[in-house]
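Since the structure comes first, as structure tokens, the remarks are kept for the end.
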Amino acid sequence: MSRGLRWLIAFLCLGVIVAAIYLPILRRRMKLAAKLQQQSAEQARRELTQPVPVNPADARVKATMFWASGNSDGLLTQTVAELPLSSDPVLRSKQVLNTLLAGPVDVERRTLPPDAALLSFYILPNGTAVADFSEALATAIPSGIQSEQLAVDSITRTLEANVPQIQRLKILIHGQEVETLAGHLDLTGTFQVNTRETAPVASPAVSTSPSASPAPSGASPASSTPTTAAPTSSAPTGVAPAASPSPNASTPSPKPASPSDKPPTSPPGSKPNLSPAPQSTPTRPADSN
Amino acid sequence: MLTHAWDRREFRLALGAASALFAFASLAFSFQVSTSTPSQTPAAAAPAANPPAQNPALQAPPASRSGLNVVVLDPAHGGTDTGARGTGGIRESEIVLDFAAQVKRALEGQGFQVVLTRQANDNPSFDDRSAMANAQLGAVFISLHIASTGLPGTVRVYVNSDLPTNTDPSGLISWDRAQMPFQPLSRKLGDTVQGLLAQKFKGSPNNAQAAAVRQLRTTAAPAIAVEISSVVVDDRADLDRMAPGVADAIATGVAMFKPSYVLPSNSPGGTP
């Protein structure tokens, strides 16, 4: 009886000693695991996006990158870089955007935050491109009209210079349509990319690429499939959602003038029946189109 | 007798060992709990944005005269949204509120009625802010910002970039593109104010820039955004020193713009 108890005590003591040694180790491991888990989400996303294949067989062409001028005047300057670019527009866009994100040598000239990643990119048949960036683009960019405008401009102008197939650009953040980039710039619409719609740009950078097209035909379809959820709301014509139906189309407008003779339906909160202005004759119908 | 005493001692020892083990086990469990919880906190900490807007009825003065009467001043951001933040702790949302007070005084000196989209540290939505201008008769809308980039000591005026032409077959303009008919007027106001600012603040551009500013898109009035550079200055006083010049340029600019304020035919003011 007493011997059995002594054995029991011995075992328990052993257990206590083992636990005293092992538990701190376990604790350390768990902390490490927790840290790894946090990193891995961002990392996994990066790994998903990284394999934008840079095929060495692609001809090296002169790609034009638009980065900031670097003297905080809010202007972009173009830099010509020799890159092996694919002739497939989607692949090519991914390549130039990743180069743009990777940034210039001079940090002062960055337009996009270094943490931001391009998650997916595709081009709709009507020439609207959809670029999906990671959240870092919205969270890490300096807030302000100038800085946000510079970021979007650098994206659209770089695409314009290198991918003539793209007419408009829709920017998503992590697969979602967002209202603003970082509090100022409107992302609900599309940005005009190719201002010369009729004549696709024939910049020297582009013209050399089609000739060298042993482009891996197997690689391009794989990459053109969007990796993240496709945005269901990407209106192809660039009309922002929530276009109000405006029920009263009863007033026929004699003037074919411009988009509408109908006042914009007021936002919630404004008094609807204001339609004021006894100014009966608008002498200067300063219509925009 | 002896064995009995031994028994008791051993029993006590065993009890002690068991409780020690239990203590370790509970300690280990608590580690597990503490390592698993942090991943849940960020979601819970998501700020509740958009507190209810102020009551516009308190501020909306009845405008009886025609033409330009009211200037709606919009100190951007506020509440949980601090806007641009400098390393020195400068917050855009606080500074624009102070700027707005000075601009308001300057505008009132020129005889304009002034409405602020916010008067405290709250954050009305973009639509609520636009609605304050849209509800006014003969208003212009001026949104005030502090940039986080740009040459310190310069000021830039932005107008909404051209909205894509309306493809709605009915030819109606939806309210979320209410700025469309006002774009030429906004451009004129923006260029006027920017020209005055360029005289006071060297290094500023001479003409207003176009940008897809969300706040301006839903505003059915001539609308501009004025952005002052920048929150990177070490001392807030550097920005405060600019306030009188900015206020004066805006007030003078609006006064100069007033004669050319003619409502476009397809605006809410143009149709009976």
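The values are calculated or read from the model by the stated rules, or taken from the named source; none is laboratory data. Fair warning: this is a prediction, and the values are worked out from it, not measured in the lab. Cβ: placed from backbone, ideal geometry, glycine included. Neighbour counts: every protein chain shown.
Side notes on the structure shown:
- Qualifying residue in the stretch B:200-208 (condition: surrounded by fewer than 21 Cβ atoms within 10 Å (Cβ to Cβ), at pLDDT 90 or above, polar (S, T, N, Q) and farther than 21 Å from B:Gly109 by Cα): yes
- Condition broken by B:Ala225, with the remaining ones in (1) within 10 Å of another protein chain (Cβ to nearest Cβ); (2) assigned to a loop (DSSP other than H, G, I, E, B); (3) within 22 Å of A:His184 (Cα to Cα); (4) among the hydrophobic types (A, V, I, L, M, F, W, C) satisfied: (2)
- Subset of the stretch B:115-148 [part of a loop (DSSP other than H, G, I, E, B) and closer than 18 Å to B:Thr82 by Cα]: B:Thr117, B:Arg118, B:Gln119, B:Ala120, B:Asn121, B:Asp122, B:Asn123, B:Pro124, B:Ser125, B:Ala147, B:Ser148
- Qualifying positions in the stretch A:1-29 - farther than 18 Å from B:Phe22 by Cα and facing chain B (nearest Cβ under 7 Å): A:Ser2, A:Leu5, A:Arg6
- Any hit, the stretch B:170-186, residues being in contact with a helix residue (DSSP H, G or I) (Cβ under 8 Å, 6 or more places away or on another chain), assigned to a helix (DSSP H, G or I), more than 17 Å from B:His77 (Cβ to Cβ) and among the basic types (Lys, Arg): yes
- Every listed requirement among (1) part of a helix (DSSP H, G or I); (2) over 17 Å from B:Lys104 (Cα atoms); (3) hydrophobic (A, V, I, L, M, F, W, C); (4) in contact (Cβ under 8 Å) with a residue 24 or more places away in the chain is met by B:Ala198 save one, (4).
- Counting the residues of the stretch B:115-143 that are more than 10 Å from every other protein chain (Cβ to nearest Cβ), over 21 Å from B:Leu263 (Cα atoms) and buried (at least 18 other Cβ atoms within 10 Å of the Cβ) gives 4.
- Helices (runs of 4 or more DSSP H) contained in the stretch A:71-170 and holding at least 1 residues among the charged types (D, E, K, R): A:89-102, A:145-162
Let's see how each residue does on (1) without any contact (Cβ under 8 Å) to a residue 24 or more places away in the chain; (2) more than 16 Å from the chain's Cα centre (by Cα):
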site	(1), (2)
A:Met65	no, yes
A:Ala68	no, yes
A:Val80	no, yes
A:Arg92	no, no
A:Val105	yes, yes
A:Glu108	no, yes
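- Given (1) under 26 Å from A:Pro84 (Cβ atoms); (2) over 10 Å from the mean Cα position of the chain (by Cα), number of the condition A:Leu150 does not satisfy: (1)
- Residue match in the stretch B:97-111 (condition: under 16 Å from the mean Cα position of the chain (by Cα) and of a type in the set (S, T, N, Q)): no
- Hits in the stretch A:127-158 - residues which are touching an Asp or Glu at 6+ places or on another chain (Cβ under 7 Å) and either facing chain B (nearest Cβ under 10 Å) or without any contact (Cβ under 8 Å) to a residue 12 or more places away in the chain (or both): A:Ile141, A:Gly144, A:Ile145, A:Gln146
- For the stretch A:68-88, residues that are within 11 Å of chain B (Cβ to nearest Cβ), aliphatic (A, V, I, L, M) and surrounded by fewer than 16 Cβ atoms within 10 Å (Cβ to Cβ) total 1.
- Taking (1) crowded, with 23+ Cβ neighbours inside 10 Å; (2) more than 13 Å from the chain's Cα centre (by Cα) in turn, A:Pro164 satisfies each apart from (1).
- Filter pass, B:Phe112 being more than 9 Å from every other protein chain (Cβ to nearest Cβ), among the hydrophobic types (A, V, I, L, M, F, W, C) and closer than 16 Å to B:Thr218 by Cβ: no
- Evaluation of B:Val254 against (1) within 14 Å of chain A (Cβ to nearest Cβ); (2) under 24 Å from B:Pro124 (Cβ atoms); (3) in a helix (DSSP H, G or I); (4) not acidic (Asp, Glu) (one fails), failing number: (1)
- Yes/no for B:Ala178 being over 19 Å from the mean Cα position of the chain (by Cα) and not acidic (Asp, Glu): yes
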